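Only the coordinates and a few stated rules stand behind these numbers; no lab work does. Remember, it's a predicted structure, so these values are computed and weren't measured experimentally. Cβ atoms come from the backbone with ideal geometry, glycine included; neighbour counts cover every protein chain shown.
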Amino acid sequence: MRVLLVEDDPMLGEGIVAGLRQAAYSVDWVTNGQAGLDALRAEQFSAAVLDLGLPRLPGLDLLRRIRLDKIDIPVLILTARDTLSDVVAGLDSGADDYMIKPFDLDELSARLRALIRRAAGVAASVIEHAGLRLDQVSRRVDYRGKSVSLSPREFVLLEELLLNAGRALTRARLLEALYPWGSEIESNALEVHVHHLRRKLSPELIRTVRGVGYLIPK
C-alpha cells in the first residue's frame, strides 16, 4: 500500500517513513504543501498523511484543493494542533481521520490500514477470498488451511490485489505500491513477485490482463 507523507519536520518525517516502511507500506515523502498537491495530482496513492503547518501551501488549503480536484483518497491529518475547533476544521475540510502529535506509530499504521480498507469497501482486517486468508495485522497468510510464507513485497502485492479484487491493476500501479520513489527496480521485478505468488498459492489465483496488468477475480 502506497502512502504519501506531507511533513516538513525532517526528524519526524524520517521517523514516520522508517516506521511505516517497517510496517510494509511504500512511503513517499514531501516537505511542503505544494509538492504534496503536485504528487497527488500526478500519481496514485492508497492514502495521504498531512501535517497542517506546512510551507508554501498550508495543510488545510492543501486538503481543500485535493477535494476540489475530486482526488478520492483517504486523508489522515497528523498535527500538534489539538483544540476541538482544529479537529472540526480538519474533518469538515475533507479529512477522513485526525491524529494529534505526539503519537504512536503502531496506531498510525493501524488507522491507515482501516482507512485504506474502508476506501476499498473492506470492513475487517482479515481478508478471505477463494480459500485464501490474509491477516493485515499479524501479516499472516493461509491458503486452504495451511500457512504460507511470503516475503514482505509478496505480501504487499497480494494485499493490494485482494483489496481490489475484480479490478485489473496496471503494472505501474502495482510497482508504485511496492517501491517508493528512488528505488532501483529490475525490469522484471513485478513479474518475479507474481510468479512467486502463483507458485506458493495457486497458478489460477492471479490473472494476467493483457495490455493492462494483473487481477484477482472477484
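Just for segment 66-85: of the residues that are of a type in the set (D, E, K, R) and over 21 Å from LEU37 (Cα atoms), which one is surrounded by the most Cβ atoms within 10 Å (Cβ to Cβ)?
ARG81
Could you look through segment 172-200, keep only residues that are within 26 Å of LEU20 (Cβ to Cβ), of a type outside the set (Ser, Thr, Tyr) and assigned to a loop (DSSP other than H, G, I, E, B), and pick out the one that is farthest from the chain's Cα centre (by Cα)?
The residue in question is GLU186.
Mind checking which residues of segment 114-135 are free of Cβ contacts under 8 Å to residues at least 40 places away in the same chain and under 18 Å from the mean Cα position of the chain (by Cα)?
Residues satisfying the conditions are ALA114, GLY121, ALA123, ALA124, SER125, VAL126, ILE127, LEU134, ASP135.
Considering only residues that are in contact with a helix residue (DSSP H, G or I) (Cβ under 9 Å, 6 or more places away or on another chain) and not hydrophobic (A, V, I, L, M, F, W, C), look in segment 86-96 and name the one that is surrounded by the most Cβ atoms within 10 Å (Cβ to Cβ).
GLY90
Can you tell me how many residues in segment 127-165 are part of a strand (DSSP E or B), of a type outside the set (Phe, Trp, Tyr) and surrounded by 14 or more Cβ atoms within 10 Å (Cβ to Cβ)?
10
Determine whether segment 91-99 contains at least one residue that is part of a helix (DSSP H, G or I) and free of Cβ contacts under 8 Å to residues at least 12 places away in the same chain.
Yes.
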